[in-house]
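Data block below; observations after.
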Amino acid sequence: MNPLTINGLATLSAAGDRPEALAERIAALAGATHPGVPVGAIVTEALPSTQGHALLDFDVRARLGRRGTSFYDRATALAVVACGDALDDSGLTVDDTNRTRIGVVLGTTVGSLKSTSDYTRETLVQDKPYLVNPVLFPNTVMNCAAGQAAIRHGLKGVNATVTGGPLAFFNALRYAGNAIRRGYVDTMLVGAVEEFSAHRAWASALGPTGGEIPAGEGAAVFVIGGPADSGGAAVCAATTGYGPDGTAEQALTDCVARALRAAGAVPGDVTLLATSETVTTGPRPQRDAALRALDGHRPAELVVSRAAGDCGAALPALALAAALREPGTRSGLTLFTAHGTDGGVGAALVRR
C-alpha cells in the first residue's frame, strides 16, 4: 500500500484524555503493570474484580453538552468525543466544501456489548409481546458509534464499522486505505473503541488469559489521508492473515514479513515492537512470532495493555497513539501486531 499520512490523533484511556498521558504512564511504569482503579462507582453489577481500567471522570455531557447526547451509550460517547478531538488535533475544518470527502471507519469487537445485552434482556423480562424500550435499540446496531460521530461532526463521506476483536483496527486501516486510494474520500477518521462494562469485564476474565490484566476501555482515532511526505508520521503497511488449528504463530510471522515487503523495509528499520498481548508472565506468542520475522533483530518493546488494561479492539489503536507521542525522539518504524483467539492475525508498520 502507498503510505498514508497521519494528520491528527486523539485518545481516551484510563491514563487520561491525551495520547501523551498514555505514553507518559507507559514510560513511568518501566515495564511494570498498572493495577487499575476501583470501578464500583461506574458499574453497579457484580464484577470479577473490583479493579479495572476505566475513565472514572468521563462525562460526555460535560464535553459535548446535553443536546443529542442523552441516548449515547458509553462506546458511542467515547467514539464521538475522540473523533472530535482528532479533528481538532489535525487542524482540519469541516465545512460544505469538504464534508462529503471525509469519512469514518471504526474497529470494535461487537459494538456495545452492554447495549446489546440490555436490549436482549428486555425481551425476556418485559410483558409480552415483548414491550421493550425502543430507545435502547439504536445502540445495539454495531455502526452506532461511527454513525453518531459522523452526524455530530457533519461528516458525509464513507461510514463503516468493522469487527474482528484484536484485528479490528488493522481491518479499519486497510478499509480506510482502500477508500482513499479508490477515490471515494480524501480523508478518513480511523480508529477503534471499546467501553468498560460488567459484560466486558466478565468476557475478559473468562477469556484465554484469565483476566491476568483487568478489563479496560478506550478510544483512539487518527485523521489520515493524502500521500505521505518524508517527515510526517505515516501508515506504511497493514496486513492480516489466518492460522487455523494451532498455526496462528506462523501465520503472524508471515503477516509481519508481508508487511515489511509492502513497506519496502528490512528488519533493522523497526525500532519499536508494540503487541496487543494481555499477559504479564509466561509465553508471549505475538512477540516470538514477530521476532522470527525480524530475523534476530530485537527492537524496543511496548505492551500497552500493562498501562491501559485489556481494551480489546482498541489496544492496537491505543498503542499506535502512545508510540507516536512517546517521550523522546525515537525514529524509524513501529511494528504493531495482533493475535485473535480464532487464529486471526494482523500486523502494521507505521513510520514515526
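A few notes on this one:
- Furthest towards positive pole of dipole, Gly65, Pro3, Gln51, structure part region 1-110, Cβ charges: Gly65
- Note on the chain: Rg/Rh from C-alpha atoms, Kirkwood Rh, equals 0.96.
- The chain - percent relative contact order, Cα under 8 Å, separation 6 or more: 25 percent
- Per-residue HN-Hα couplings for region 91-102 [Karplus 6.51, -1.76, 1.60; θ = phi - 60°; Hz; x = Gly/Pro]: x, 7, 9, 8, 8, 5, 7, 9, 4, 6, 10, 10
- The label point for Leu29 and the one for Thr50, both projected 7 Å from the Cα toward the Cβ, are 2.2 nm apart.
- Separation between Cα centres of region 259-289 and region 160-206, rounded to whole Å: 20 Å
- Figure note: Glu277, Glu45 ranked by solvent-accessible area, largest first, 1.4 Å probe, ligands and nucleic acids not counted: Glu45, Glu277.
- Electrostatic dipole magnitude of the chain [Cβ: Lys, Arg +1; Asp, Glu -1; Cα centre; debye, to 20]: 560 debye
- Rounded percent of accessible protein surface that carbon and sulfur make up, the chain, 1.4 Å probe: 52 percent
- Where labels lie 7 Å past Cα in the beta-carbon direction, separation of Asp95 and Ser331 in nm: 3.7 nm
- Taken per residue, the accessible surface of region 70-172 reaches 46 Å², heavy atoms only and a 1.4 Å probe.
- For region 12-82, applying the loop criterion from DSSP together with a ceiling of 14 other beta carbons within 10 Å to the chymotrypsin sites (Phe, Trp or Tyr not before Pro) yields Phe71.
- Remark: the Gln126-Arg63 segment gains 19.3 nm on full extension, using 0.36 nm per residue and subtracting the alpha carbon distance.
- Backbone phi angles across region 7-16, fed through the Karplus curve with coefficients 6.51, -1.76 and 1.60 (θ = phi - 60°), yield HN-Hα couplings of 9, x, 7, 7, 9, 10, 8, 4, 7, x Hz in residue order; Gly and Pro are listed as x.
- DSSP-loop trypsin sites (Lys or Arg not before Pro) across region 281-326, with at most 12 other Cβ within 10 angstrom: none
- Helical contribution to [θ] at 222 nm, DSSP H n ≥ 4, -39,500 (n - 2.57), averaged over the chain, rounded to 500: -10000 deg cm²/dmol
- Looking at region 200-352, the accessible area is 35 square angstrom per residue; that uses a 1.4 Å probe and ignores ligands, DNA and RNA.
- Of the trypsin sites (Lys or Arg not before Pro) found in region 160-215, those that fall in a DSSP loop while having at most 15 other beta-carbon atoms within 10 Å are Arg182.
The values are calculated or read from the model by the stated rules, or taken from the named source; none is laboratory data. Bear in mind the structure is a predicted one, so any value in this text is a computation, not a measurement. Cβ coordinates were reconstructed from backbone atoms using ideal geometry, including for glycine residues, and neighbour counts include every protein chain displayed. Note: areas computed on protein heavy atoms with side chains; ligands, DNA, RNA excluded. Shrake-Rupley method; radii C 1.70, N 1.55, O 1.52, S 1.80 Å.
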